[in-house]
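The values are calculated or read from the model by the stated rules, or taken from the named source; none is laboratory data. Worth saying up front: this structure is predicted, and the values here are computed from it rather than measured. All Cβ positions, glycine included, derive from the backbone under ideal geometry; neighbour counts span all protein chains shown.
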Amino acid sequence: MRRLQIGVIGSCSDLNYSKAAEDCAKRLGSLIAKSDSTLVFGSEKDISSLPTIAAQAAKTEGGETLAITYEKGLELFNNEAATIVVATGLVRGGGRELSLMLSCDVVIALAGGSGTLNEICVAYQANIPVIVLTGFGGWSDKLAGTYLDDRKCYKFIGAKTPQQALKLAVQALQKTQ
């Protein structure tokens with residue numbers, strides 16, 4: 001049977017996320033690994049991010065991590081975070097996000113800027129559930145408890161802890177099946 005593929009999306013380090021957000025990402029990655037799911041993330045080639053931190057933690061726990069990256073080549077900013085790398089040949093900020101989101105059964109967002117919003121829009125239109133971790137700013141805080149548009153496909157469910165986010169992610173996925 002195929003492992004559940006849980007996407008982790010969120011802020012890059014240029015958005016100056018907090019130590020608390022880093023700790024949350026580490027805990028989330030560890031929990032995903034322990035759930036025997038695959039952590040799917042958009043890996044960068046030149047900068048760290050909360051998804052990369054989550055993937056590092058998952059890999060440390062012996063979990064499987066799938067890095068979706070842009071352009072060509074399998075080199076990443078932190079190669080230790082990925083067990084599998086897919087180079088899309090697409091540009092960052094336009095294209096890679098489609099492959100990333102469509103490779104997920106469910107997504108958990110942590111903070112996030114414009115790239116995260118782009119990914120959330122793709123997931124929303126593809127009816128892939130997105131759980132938003134709150135308390136760290138960015139799009140995950142802005143979207144908690146709201147709909148993305150008047151279609152009201154689904155409301156973004158806010159979670160306060162990584163444990164709650166993972167539980168809600170599995171529940172949301174069960175509702176869509």
Exercise. Looking only at segment 1-37, count how many residues are part of a strand (DSSP E or B), on the phi < 0 side of the Ramachandran plot and at pLDDT 95 or above.
Key: 5
Quiz item: List the pairs whose first member sits in segment 49-75 and is within 23 Å of Asp23 (Cβ to Cβ), whose second member is among the acidic types (Asp, Glu), and whose Cβ atoms are under 6 Å apart, counting only residues at least 6 apart or on separate chains?
Solution: Ile53/Glu22
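May I ask you to list the residues in segment 149-168 that are on the phi > 0 side of the Ramachandran plot and either in contact (Cβ under 8 Å) with a residue 40 or more places away in the chain or surrounded by 18 or more Cβ atoms within 10 Å (Cβ to Cβ) (or both)?
To start, the set of residues in segment 149-168 that are on the phi > 0 side of the Ramachandran plot comprises 152.
Residues satisfying the conditions do not exist here.
Which one is surrounded by the fewest Cβ atoms within 10 Å (Cβ to Cβ) among residues in segment 124-148 that are assigned to a helix (DSSP H, G or I) and among the aromatic types (Phe, Trp, Tyr)?
If we filter segment 124-148 for residues that are assigned to a helix (DSSP H, G or I), which is where we start, we get 124-125, 138-143.
Subset that is among the aromatic types (Phe, Trp, Tyr): 124, 139.
Values: Tyr124: 21, Trp139: 25.
Checking each candidate, the answer is Tyr124.
From the residues in segment 31-45 that are over 20 Å from Arg92 (Cβ atoms) and in contact (Cβ under 8 Å) with a residue 60 or more places away in the chain, which one is surrounded by the most Cβ atoms within 10 Å (Cβ to Cβ)? Before you say what the answer is, go through the steps one by one.
Going residue by residue through segment 31-45, those that are over 20 Å from Arg92 (Cβ atoms) are 31-38.
Then keep just the ones that are in contact (Cβ under 8 Å) with a residue 60 or more places away in the chain; that gives 31-32, 35.
Details: Leu31: 24, Ile32: 31, Ser35: 18.
The residue in question is Ile32.
It is to be established whether one or more residues within segment 8-29 are touching a helix residue (DSSP H, G or I) at 6+ places or on another chain (Cβ under 8 Å), surrounded by fewer than 24 Cβ atoms within 10 Å (Cβ to Cβ), closer than 21 Å to Pro129 by Cα and in contact (Cβ under 8 Å) with a residue 24 or more places away in the chain. Before you say what the answer is, go through the steps one by one.
Of all residues in segment 8-29, those touching a helix residue (DSSP H, G or I) at 6+ places or on another chain (Cβ under 8 Å) come to 8-12, 15, 17, 21-22, 24-29.
Subset that is surrounded by fewer than 24 Cβ atoms within 10 Å (Cβ to Cβ): 12, 15, 21-22, 26-27.
Remaining after also requiring closer than 21 Å to Pro129 by Cα: 27.
Next, only the ones that are in contact (Cβ under 8 Å) with a residue 24 or more places away in the chain stay: 27.
Within segment 8-29, one or more residues are touching a helix residue (DSSP H, G or I) at 6+ places or on another chain (Cβ under 8 Å), surrounded by fewer than 24 Cβ atoms within 10 Å (Cβ to Cβ), closer than 21 Å to Pro129 by Cα and in contact (Cβ under 8 Å) with a residue 24 or more places away in the chain.
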Quiz prompt | Members of segment 77-116 that are in a helix (DSSP H, G or I), at pLDDT 85 or above and not polar (S, T, N, Q) | solution = Ala81, Arg96, Glu97, Leu98, Leu100, Met101, Leu102, Gly115
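Give segment 52-82 a look and list any residue that's of a type in the set (Ser, Thr, Tyr) and touching a helix residue (DSSP H, G or I) at 6+ places or on another chain (Cβ under 6 Å), or say none.
So in segment 52-82, the residues of a type in the set (Ser, Thr, Tyr) come out as 52, 60, 65, 69-70.
Thr52, Thr65, Tyr70, listed by residue number.
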